[in-house]
Amino acid sequence: MSGSDDRDRAESLRTVEREVGVLIRRIKRVIGERARAVDPALQPASYLMLDYLAQHGPMRSSDLAETFNVDKGAISRQVQHLVDLELAERTPDPEDRRAAQVAVSAEAKRRLADVSHERLAWLDQRLGEWDAAELAGFAESLARYNALLSEPLGPEARRRSPQADPD
């Protein structure tokens, strides 16, 4: 690569990093808005867990702790928060009756679907100038970006990388 190509690539990487930062800040705000739309008392972190449960079905709290990389005590508090708001319920684990699973309530599913429908309509309006090919290309690039950053780095790449996972 020429020096000009190296500089262009470095600038593009800085732009990606800056724009991902903007995206992260926007996502944090949107998660708070979505949580309040589901229930005014719903905490954003609990919203993420509720949405995950709605997508993946009932699971044990220990599995949630592993999925979200959060200690079991914090997960237990979030689960209790969801149960108190009647957005989730504990059910016996069919594989181990001594254990419990956390499941999304029917009302929570309805509220989540309403919020998702409103958000998709808003997004469709905002991206209305993009044709189908542009939208598909962006979706594909974003999925590829997320997949690449989710892959574990090999030992050589890890030595060169100041941060193994920028998420």
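The values are calculated or read from the model by the stated rules, or taken from the named source; none is laboratory data. For clarity, every value in this text was computed on a predicted model and none was experimentally measured. Cβ coordinates were reconstructed from backbone atoms using ideal geometry, including for glycine residues, and neighbour counts include every protein chain displayed. Accessible surface is based on the protein model in full, side chains and every heavy atom, while ligands, DNA and RNA are left aside. Shrake-Rupley method; radii C 1.70, N 1.55, O 1.52, S 1.80 Å.
Among 57-68, 74-85, how do they line up from the highest to the lowest mean number of other beta-carbon atoms within 10 Å? Could you put the intermediate results ahead of the total?
On the way: 57-68: 15.5, 74-85: 17.6.
Top of the packing list down: 74-85, 57-68.
How much of the accessible area of the chain, probe 1.4 Å, is carbon plus sulfur, in whole percent?
51
State, as an integer percentage, the relative contact order of the chain based on alpha-carbon contacts under 8 Å between residues 6 or more apart. Numbers along the way, then the final one.
Values: 111 pairs, mean separation 26.0, N = 167.
16 percent.
Taking the Cα atoms only, what angle lies between the long axis of helix 72-84 and the longest principal axis of the chain, rounded to 10 degrees?
Once rounded, one gets 60 degrees.
On a C-alpha basis, how far is the centre of the range 125-141 from the centre of the range 38-53 in Å? Whole number, if you could?
Value for the Cα centre distance between the two parts: 28 Å.
Rolling a 1.4 Å sphere over the protein heavy atoms, what is the accessible area per residue of the chain, to the nearest Å²? Can you show the working numbers first?
Values: 12120 Å² over 167 residues.
Roughly 73 Å² per residue, with all protein chains present.
Taking θ = phi - 60°, what integer Hz values does the Karplus form 6.51 cos²θ - 1.76 cosθ + 1.60 yield along the range 40-47, in sequence order, with x for Gly and Pro?
x, 9, 6, 7, x, 5, 5, 4
Considering every Cα-Cα pair within the range 1-41, what fraction, in whole percent, is farther apart than 15 Å? Display every interim value, and only then the final one.
Numbers: 489 of 820 pairs.
Considering the range 1-41, 60 percent of its Cα-Cα pairs are separated by more than 15 Å.
Dipole magnitude of the range 1-71 about its Cα centre, charges +1 at Lys/Arg Cβ and -1 at Asp/Glu Cβ only, in debye to the nearest 20?
Working: 11 positive and 12 negative charges, 67 e Å.
My answer is approximately 320 debye.
Mind listing the phi-derived Karplus ³J(HN,Hα) values for the range 15-24, rounded to whole Hz, using 6.51, -1.76 and 1.60 with θ = phi - 60°, and x for any glycine or proline?
Result, ordered by residue: 5, 4, 4, 5, 5, 5, x, 4, 4, 4 Hz.
Of Leu142, Ser61, Val115, which is farthest on the positive side of the dipole of the chain, counting Cα position, with +1 on Lys and Arg Cβ, -1 on Asp and Glu Cβ, and the Cα centre as origin?
Selected residue: Ser61.
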